[in-house]
Amino acid sequence: MFDRGTSKTEVENAIRTGERLPGKKGRIAFRKNFSHNGMWKGKYYQAKQVMPVVVEKPDRFVVVTVYVFFIGGAK
């Protein structure tokens with residue numbers, strides 16, 4: 001997740017308060033936008049969308065992968 005530009009705190013926040021979406025193979029995705037207002041890989045972005053994909057267990061969610069989409073870039 002760090003290589004993709006997000007943190008454990010943002011992933012947990014997306015799971016707790018983000019929009020719940022159906023995923024492939026019975027998985028669940030959560031989507032949440034965060035203010036970024038900073039640089040990522042040499043380009044400025046205003047926001048980012050963090051989307052963890054999880055498997056639901058009886059007592060917890062297990063994170064399979066995390067997608068991060070940077071939004072509002074300026075040249």
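Could you tell me whether residue 14 is within 9 Å of the chain's Cα centre (by Cα) and surrounded by 14 or more Cβ atoms within 10 Å (Cβ to Cβ)? The answer is yes for residue 14.
Of the set (1) in contact with a Ser or Thr (Cβ under 9 Å, 6 or more places away or on another chain); (2) assigned to a helix (DSSP H, G or I); (3) more than 16 Å from residue 1 (Cα to Cα), all apply to residue 14 but (3). Candidates are the residues of region 35-48 that are of a type outside the set (D, E, K, R) and crowded, with 18+ Cβ neighbours inside 10 Å; the one that is farthest from residue 11 (Cα to Cα) is 45.
Among the residues of region 58-68, not one is touching a residue at least 40 places away in the same chain (Cβ under 8 Å) and either exposed (fewer than 14 other Cβ atoms within 10 Å of the Cβ) or not in a strand (DSSP E or B) (or both). Selection of region 17-33 for residues being assigned to a strand (DSSP E or B) and surrounded by 18 or more Cβ atoms within 10 Å (Cβ to Cβ) yields 29, 30, 32.
For residue 55, the criteria (1) in a loop (DSSP other than H, G, I, E, B); (2) aliphatic (A, V, I, L, M); (3) modelled with pLDDT of 95 or more hold in every case but one, which is (1).
The values are calculated or read from the model by the stated rules, or taken from the named source; none is laboratory data. Remember, predicted model here, so these are calculated numbers, not experimental data. FYI the Cβ positions are ideal-geometry reconstructions off the backbone, even for glycines, and counts take in every protein chain you see.
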